[in-house]
Amino acid sequence: MSDQTVTLRRATRTPDLAASEPGHFLLQGARGWGYAGRVIDSNGLIAIREFHHGGGDLRAGDYLRLDSFAHPSDPREALGLAFEHVRFNSPLGSFPAWYIPGSSSTWAIMTHGKGADRREALRMIPALAESGLHCLAITYRNDLGVPASPNGLYSYGRDEWEELDGAVAFARARGASDIVLAGYSMGGAITLSFMAKSANSPAVSALILDAPMSNLAPTVEHGARRAGLPIWFLGISNRLAALRYGFNWTDFDYLKTLPNLQVPVLLFHGDADATVPVELSDAFAARRPDLVRYVRVPGTGHVRAWNTDPAGYELAVREFVRTRRSVRT
C-alpha cells in the first residue's frame, strides 16, 4: 500500500465485490478506510488499484473489503456536507432520515434498496446538492432500529410506499414546491408504488431510478436461473408462497403503472445485473420513450452505474434535474 496505489489479494471466500472488480469503491478496514479506483493490473489472484486515503490508519496486511456504496458513515464524514437528523411519520410510527438543506424550493427524496441503508444515496447526493436541491435520505419499515412491518417481512414496495408518503408530506410541510424521487433497486419499486397509490404524487416533478425492481416475478426467475435452479419448479414454489403469505404476484408488477405515469424519468441499469434483470428496464424505457432517459451501462452489476463512471453519472443527474419538465395535464 502506498499513497497512490493499493494491492489487494483475492478473498478465500467469494465476496460481493472481487479485488479486480472495475469501478470506484470504498475500501474499508477495521482501522481505517479509503477509496479504491481504477484497476492498474491484475492476474486473477491480486489486483493493483489506484488508491486515495480517506481516514484512519490502514496498514499493509490489513483485512479489507470493497463496498459499492463508495462512501463511509454519513454526509458530513463522507462528503463534507452539513446535515440534520430528522424524523417523519408513517402509519407504523416515526422514522429517521438525513436532511441536507438546499438553496431552491425543490426537494430530492432518496429511497434505498432491500438490505441496504441510507449510505446508498451518498453517491447521488453531491449532484443533487450542487443543483440546489434539499436532500432527504429516508428509512423504511424493517430497516435496522425502525418500526417493523406487522409480519416482519418486506413487501417489495406494496406497503413500504407509506414511508415514502410520510417523507413527501414532511417535505411539503416544510415548503417543498416540487419533489424529485430517487429510488435504488427495491427503492425503485417503492417509488413506483408511491406514484400509483399516494395522494401526494402530484407534488412529484421527476423520478430517478437506479436498477429498479419493477416486477418481482421476473426478478425471482432471474435469480433462479443464475443459481441453476429448475425454472419449472418456480410455478409451484411461487403459488405456495402466494398462498402462505397472502399476496398476488401482480401486486409487485410496477410496470403496469407506466401508462399513468406523467413525469420524466432518468433510468440507470447495468446490463450485467445479477439481481434485477436489465430486461425489466429495457421494457420500462420501451413502453414510455416519451418520458424516459435511459442510461444502460455495459458490463455493470447491480446498482453500480455510479461506480462504473462517477463523473458521467453525476453529469446525467445534474442535467436531468436542470432540464426536467412535468408532462402532467
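The values are calculated or read from the model by the stated rules, or taken from the named source; none is laboratory data. Because the structure is a prediction, the values reported are computed rather than measured. FYI the Cβ positions are ideal-geometry reconstructions off the backbone, even for glycines, and counts take in every protein chain you see. The protein model used for the area step is the full one, side chains on, heavy atoms only, and it has no ligands, DNA or RNA in it. Shrake-Rupley method; radii C 1.70, N 1.55, O 1.52, S 1.80 Å.
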(message) Could you tell me how far the Cα centroid of region 1-77 sits from the Cα centroid of region 234-289, in Å?
(response) 33
(message) With +1 assigned to the C-beta of every Lys and Arg and -1 to the C-beta of every Asp and Glu, and no other charges, what is the dipole magnitude of region 203-291 about the Cα centre in debye, to the nearest 20?
(response) 320
(request) Could you run the Karplus curve 6.51 cos²θ - 1.76 cosθ + 1.60 with θ = phi - 60° over region 104-112 and give me ³J(HN,Hα) per residue in whole Hz, x for Gly and Pro? (result) 9, 9, 9, 10, 10, 10, 10, 10, 6
(message) Taking 8 Å as the Cα distance limit and 6 or more residues as the minimum spacing, I'd like the relative contact order of the chain as a percentage.
(response) 13
(message) Run the numbers for residue 283 and residue 243: contour at 0.36 nm per residue of separation, minus the present Cα-Cα distance, in nm.
(response) 11.5 nm
(request) Provide the packing ranking of 71-77, 208-214, 238-244, i.e. peptides ordered by the mean count of other C-beta atoms within 10 Å per residue, highest first. (result) 208-214, 71-77, 238-244
(request) Could you sort 144-151, 159-166, 255-262 so that the peptide with the highest average Cβ count within 10 Å comes first and the rest follow in order? (result) 159-166, 255-262, 144-151
(message) Just want to confirm a number: the relative contact order over region 102-198, from Cα pairs under 8 angstrom separated by 6+ residues, in percent.
(response) 40
(message) Could you report region 8-165's accessible area per residue, 1.4 Å probe, as an integer in Å²?
(response) 47
(message) So for each of 109-116, 246-253, 44-51 I average, over its residues, the number of other beta carbons within 10 Å; can you give me the resulting order with the highest mean first?
(response) 109-116, 44-51, 246-253
(message) If I ignore ligands, DNA and RNA and count only protein heavy atoms, how much of residue 103 is accessible to a 1.4 Å probe, in Å² to the nearest 10?
(response) 110
(request) Apply the Karplus parameterisation 6.51 cos²θ - 1.76 cosθ + 1.60, with θ equal to phi minus 60°, to every residue of region 26-37 and state each ³J(HN,Hα) to the nearest whole Hz, in sequence, with x for glycine and proline. (result) 6, 10, 10, x, 5, 10, x, 8, x, 10, 9, x
(message) With both bridge residues required to lie in the chain, what share of the DSSP beta bridges run antiparallel, to the nearest 5%?
(response) 55
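Once neighbouring chains are kept in place and the probe is 1.4 Å, which whole percent of the accessible area of region 226-329 is contributed by carbon and sulfur?
Accessible surface attributable to carbon and sulfur in region 226-329 totals 55 percent.
Counting only protein heavy atoms, what percent of the accessible surface of region 1-113 is carbon or sulfur at a 1.4 Å probe?
Ligands and nucleic acids excluded, carbon and sulfur give 49 percent.
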(message) If I compute Kirkwood radius over Cα pairs in Å from the structure I just sent, which labelled value in (1) 21.3; (2) 19.9; (3) 20.6 lines up?
(response) (3)
(request) Could you please report the charge total around residue 313, scoring K, R as +1 and D, E as -1 over all other residues with beta-carbon less than 12 angstrom from its beta-carbon? (result) -1
(request) List, in order, the whole-Hz ³J(HN,Hα) value for each residue of region 44-51 obtained from phi through the Karplus relation with A = 6.51, B = -1.76, C = 1.60 and θ = phi - 60°; use x for Gly and Pro. (result) x, 9, 10, 9, 9, 10, 4, 9
